[in-house]
Amino acid sequence: MIRRSSPAARGWAAAFVLAAAVHLGALLTGAGTLADVSQWLLMPLLAAVLVTATRWPRGHLVRWGLVALAASWLGDSLPSLLDGDAAFLAMIGCFLVAQVAYVVAFAPDARRSVLHRRPALLVPYALVLVGLVAACAPHADTLLVPVAVYGGVLTAMAVLATGVGPLVAVGGAVFLVSDGLIALERFVPAWDLPGQDFAVMLTYVVGQALIVGGIVARNRAVRRAPVRAAERQVLPA
């Protein structure tokens, strides 16, 4: 979808890919400062892609997608100014806002999602949610309720994402994996995934990029619909 967008959108997309590659490379090589700085750039660059790849009227989906990206950027940057539990809570709070924004963005398409069309597919999402909460519960202590609430909103986002389009659906599922990895590392002492930080950020970057790509595709399809309707009206019977 980005390939068929404006030169500005392609330029911002290239900048996002470069920043993501630098960030992931910094994680692999242990370059902490470079990893932090490149992470702060990711969501603003992706927001620039979304703005330049869509056209007015951008509508509900694009507007709330931008809100989600802004909240995600705060979740990426604020924790670096804090320490310990405060940093973690700031991150969770910002990403909770991001997930709520995505839920609001995707909600108008709920009837096209698995929630209505294929309710049997809700089972895997429910199992993931229950499994994560159950795994985190023994060591979450006073954070159990916030963790459960966040998990519920995150799962709702992934479910509703299936109504927007295939790219958004996959992006929502990958985002769910990313946040699930964070929860397991934080609350499950036995969890020891090699390359944990790399896996979290890879799935985060891919998930967000797929969501934005899907929103762009949906915006383009909506804008084409009136044109196609007008073309059908002028065709001879």
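The values are calculated or read from the model by the stated rules, or taken from the named source; none is laboratory data. Please read these numbers as outputs of a predicted model, since none were measured by experiment. All Cβ positions, glycine included, derive from the backbone under ideal geometry; neighbour counts span all protein chains shown. The protein model used for the area step is the full one, side chains on, heavy atoms only, and it has no ligands, DNA or RNA in it. Shrake-Rupley method; radii C 1.70, N 1.55, O 1.52, S 1.80 Å.
Before we move on, is V168 closer than 28 Å to L46 by Cα, in contact (Cβ under 8 Å) with a residue 40 or more places away in the chain, of a type in the set (V, I, T) and not in a loop (DSSP other than H, G, I, E, B)? It is true that V168 is closer than 28 Å to L46 by Cα, in contact (Cβ under 8 Å) with a residue 40 or more places away in the chain, of a type in the set (V, I, T) and not in a loop (DSSP other than H, G, I, E, B).
Against the test of being outside any loop (DSSP other than H, G, I, E, B), modelled with pLDDT of 95 or more, more than 19 Å from L46 (Cα to Cα) and open to solvent by 50 Å² or more (accessible area, probe 1.4 Å), the options V206, V153, V177 yield a single qualifying residue, V177.
Filter the range 32-66 down to the residues that are in contact with a helix residue (DSSP H, G or I) (Cβ under 8 Å, 6 or more places away or on another chain) and not in a helix (DSSP H, G or I), then identify the one that is least open to solvent (accessible area, probe 1.4 Å). By that ranking, first place goes to T54. For the range 146-154, the count of residues that are aromatic (F, W, Y) and in contact with an Asp or Glu (Cβ under 9 Å, 6 or more places away or on another chain) is at least one. I'd like to check something: does the range 95-109 contain any residue that is within 27 Å of G195 (Cβ to Cβ), in a helix (DSSP H, G or I), open to solvent by 20 Å² or more (accessible area, probe 1.4 Å) and not acidic (D, E)? Checked the range 95-109: at least one residue is within 27 Å of G195 (Cβ to Cβ), in a helix (DSSP H, G or I), open to solvent by 20 Å² or more (accessible area, probe 1.4 Å) and not acidic (D, E).
For the range 11-34, residues that are free of Cβ contacts under 8 Å to residues at least 24 places away in the same chain and under 20 Å from the mean Cα position of the chain (by Cα) total 5. Contact annotation: residue pairs with Cβ atoms under 8 Å, 6 or more positions apart or on different chains, pairing a residue in the range 113-140 that is part of a helix (DSSP H, G or I) with a partner that is basic (K, R), are R117/R111; C136/R186.
Could you grab me the full set of residues in the range 43-60 that are more than 11 Å from V212 (Cβ to Cβ) and not charged (D, E, K, R)?
Matches in the range 43-60: P44, T52, W56, P57, G59, H60.
Which of the residues belonging to the range 181-196 are of a type in the set (D, E, K, R) and either within 15 Å of A148 (Cβ to Cβ) or part of a loop (DSSP other than H, G, I, E, B) (or both)?
Within the range 181-196, R186, D192 qualify.
State which residue is modelled with the lowest pLDDT when the search covers only the range 209-237 and only residues that are of a type in the set (V, I, T) and surrounded by 10 or more Cβ atoms within 10 Å (Cβ to Cβ).
Pass one, the range 209-237, residues of a type in the set (V, I, T): 211-212, 215-216, 222, 227, 234.
Filter once more, keeping what is surrounded by 10 or more Cβ atoms within 10 Å (Cβ to Cβ): 211-212, 215-216, 222.
Working: I211: 98, V212: 98, I215: 97, V216: 95, V222: 84.
Per the criteria, the residue is V222.
Under the condition of being out of contact with any Phe, Trp or Tyr (no Cβ under 8 Å at 6 or more places or on another chain), open to solvent by 40 Å² or more (accessible area, probe 1.4 Å) and under 15 Å from F88 (Cβ atoms), the residues counted in the range 183-194 number 0.
Residues that are in contact (Cβ under 8 Å) with a residue 24 or more places away in the chain and surrounded by 19 or more Cβ atoms within 10 Å (Cβ to Cβ) within the range 78-92 comprise just one, I92.
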